[in-house]
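The values are calculated or read from the model by the stated rules, or taken from the named source; none is laboratory data. Note that the structure is predicted; figures quoted are calculated from it, not measured. Neighbour counts run over all protein chains shown; Cβ positions are idealised from the backbone, glycine included.
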Amino acid sequence: MARAPSAAGRSPRSAVTNRRRPVVTGQPVASRPTNEAADVHVAWSGAQVYASRAIAQAASLLTTVLLARALDPTAVGLYSFAVILAMLLADVSGAGLDLAAVRFAARDASTDPARARGVLVLAGLMKGGCALALSLVVLALAHPLAGAWLGRPELVGPIRFGAVAGVGIAMTEYAFSALQARERFGHVVLVNVVVAVSRVAPVAALMALDALSLETALLAVAAAAYVGCTTGTAVAWRVWRGSFGWGSGIARELLGVARWLAVAPVITALWNSVDVVTLTQAAGPAATGIYTSARMLALPLLLAGSATGAVLLPRWSRMAAREPIGPALRQVGLRVGGLAALLAAASAAAAPVLVPLVYGARYVDVVPVFQILAIAYCVQIGAWPALSALLVLDQAGFVVKSSFAGLCLCAVGYILMVPSYEGVGAALVLVVGSAFIVASAWWRVRAACREAGGGKT
């Protein structure tokens with residue numbers, strides 16, 4: 001851990017100057033404004049991350065609405081399959097490398113900039129190589145995948161488009177990680193706006209010209225992926241411009257963390273699907289519709305939590321190279337926890353008005369499910385400061401293991417609660433699972449800070 005410069009390292013003139021100044025004990029007067037400025041910066045960065053993800057979600061929704069108005073359900077289904085496949089391939093390609101690159105590039109940005117650039121370049125090369133290799137495999141197997149394995153020959157075209165677009169999406173996500181490592185969140189918003197426009201505008205133009213078809217829609221998706229990749233690379237160019245620090249140690253560090261984080265997308269996918277699968281099987285499609293409607297309405301709260309983690313990871317990685325993060329973790333944890341409690345209370349209070357306004361009076365049963373899910377997602381917001389600190393303290397293994405344990409706990413709870421209590425039971429189980437994640441994360445981070453000499457949390 002870096003040590004602050006001592007008085008012995010100062011010039012004679014500065015030493016004389018210091019002797020003439022009166023010694024002031026206690027907290028420096030400037031520390032409070034500095035802390036307030038840091039809090040404002042974190043809040044603004046979080047708002048930028050949240051806005052960028054909201055823009056991406058809005059673009060996807062608007063594109064789907066336009067396609068639904070112009071094409072038949074079969075074409076929309078094929079389009080959705082291609083998009084989901086492209087996103088899946090992007091997530092699988094070099095899984096875990098993005099977060100690992102953010103962690104180590106942010107840590108070394110101030111102390112060893114050449115090594116930080118080397119981390120970003122090596123992670124990008126590894127991710128790009130994995131994405132390209134996976135894309136070529138899927139392209140070569142498109143016919144067997146569609147015909148022999150899935151029994152749907154009409155999926156050959158969407159599979160090919162998904163494989164091509166997946167490379168562009170994967171490298172766009174890498175560009176986002178490079179910008180995140182340097183806390184250039186405004187640039188992330190800019191790239192997301194460009195991607196959203198390049199995705200929606202061609203579809204809208206083709207629809208206006210009465211030339212929209214499944215093939216042109218898929219071409220627009222692939223083109224938007226590479227527009228995002230090119231824009232992200234251009235915007236992030238200054239992040240890795242300069243000399244690179246190379247060495248086998250960089251690869252070992254990246255892979256050491258990425259091997260754990262590679263499992264995270266699988267666990268996240270299971271977290272997002274086990275409840276719906278159980279509801280569909282045990283309670284029927286009507287209960288599933290009520291639950292998924294409530295979950296869609298509560299999605300902004302879930303995005304708020306992940307935006308918090310996206311901001312804190314690079315900031316604390318840089319801080320940990322200079323000073324303990326325990327005091328900052330405690331301060332941010334209290335504030336995030338207070339904000340999460342306010343959001344939960346406001347969401348629960350607004351539900352009786354919000355739900356009928358959005359879905360209509362027929363969906364009154366969504367209200368209690370939405371209220372409970374809002375509480376669960378706000379509980380998850382409270383976990384993000386601790387989870388980010390655990391990644392900074394090289395506790396990625398614990399994060400993955402505790403997430404898996406929480407998933408197993410929820411799976412058992414769904415089996416027990418859903419048959420009798422349907423969507424309300426599933427939402428209550430998610431509250432319990434989220435509370436388990438929060439409790440385990442804060443318990444472990446306190447111990448990890450003590451072991452690292454990071455002070456009390």
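Details
- Among residues of segment 439-455, those that are out of contact with any Ser or Thr (no Cβ under 7 Å at 6 or more places or on another chain), closer than 16 Å to Ala376 by Cα and buried (at least 23 other Cβ atoms within 10 Å of the Cβ), counted: 0
Every residue, every condition in (1) within 20 Å of the chain's Cα centre (by Cα); (2) among the polar types (S, T, N, Q), yes or no:
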residue: Phe398; (1), (2): yes, no
residue: Gly406; (1), (2): yes, no
residue: Val412; (1), (2): no, no
residue: Val424; (1), (2): no, no
residue: Ser434; (1), (2): yes, yes
residue: Ala448; (1), (2): no, no
residue: Glu451; (1), (2): no, no
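- Only residues that are closer than 21 Å to Ala439 by Cα and crowded, with 17+ Cβ neighbours inside 10 Å were counted in segment 340-368, giving 3.
- Listed by first and then second residue, the pairs with beta-carbon distance under 7 Å, at least 6 apart or on different chains, first residue in segment 87-116 and under 22 Å from Val137 (Cα atoms) and of a type in the set (Asp, Glu), second at pLDDT below 80 and part of a helix (DSSP H, G or I), are Asp91/Pro265.
- Qualifying positions in segment 263-308 - without any contact (Cβ under 8 Å) to a residue 12 or more places away in the chain, more than 27 Å from Phe398 (Cα to Cα) and hydroxyl-bearing (Ser, Thr, Tyr): Thr280
- Taken across segment 350-364, residues that are closer than 21 Å to Ser293 by Cβ and either polar (S, T, N, Q) or touching a Gly at 6+ places or on another chain (Cβ under 8 Å) (or both) do not occur at all.
- Residues located in segment 265-297, provided they are in contact with a Ser or Thr (Cβ under 7 Å, 6 or more places away or on another chain) and within 27 Å of Val332 (Cβ to Cβ): Ile267
- Tyr363 passes every criterion in (1) out of contact with any helix residue (DSSP H, G or I) (no Cβ under 9 Å at 6 or more places or on another chain); (2) modelled with pLDDT under 95 apart from (1).
- Single unsatisfied condition, Ala224 versus (1) free of Cβ contacts under 8 Å to residues at least 60 places away in the same chain; (2) surrounded by fewer than 18 Cβ atoms within 10 Å (Cβ to Cβ): (2)
Conditions tested, residue by residue: (1) out of contact with any strand residue (DSSP E or B) (no Cβ under 7 Å at 6 or more places or on another chain); (2) among the hydroxyl-bearing types (Ser, Thr, Tyr); (3) part of a helix (DSSP H, G or I); (4) under 27 Å from Asp365 (Cβ atoms).
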{"residue": "Cys410", "(1), (2), (3), (4)": "yes, no, yes, yes"}
{"residue": "Val424", "(1), (2), (3), (4)": "yes, no, yes, yes"}
{"residue": "Ser440", "(1), (2), (3), (4)": "yes, yes, yes, no"}
{"residue": "Val445", "(1), (2), (3), (4)": "yes, no, yes, no"}
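- Which numbered condition Ser110 misses (of (1) in a helix (DSSP H, G or I); (2) farther than 16 Å from Val257 by Cβ): (1)
- Looking across Leu343, Leu391, one residue alone is assigned to a helix (DSSP H, G or I) and at pLDDT 90 or above. It is Leu343.
- Residues that are over 23 Å from Gly337 (Cβ atoms) and crowded, with 20+ Cβ neighbours inside 10 Å, drawn from segment 298-327: Arg318
- Checking Trp44 against (1) at pLDDT below 85; (2) assigned to a helix (DSSP H, G or I); (3) closer than 21 Å to Ile169 by Cβ, the condition it does not meet: (3)
- Note on segment 96-128: residues that are charged (D, E, K, R) and under 12 Å from Gly245 (Cα atoms) total 4.
- Restricting attention to segment 124-153, the residues that are within 23 Å of Gln180 (Cβ to Cβ) and either in contact with a strand residue (DSSP E or B) (Cβ under 7 Å, 6 or more places away or on another chain) or exposed (fewer than 14 other Cβ atoms within 10 Å of the Cβ) (or both) add up to 2.
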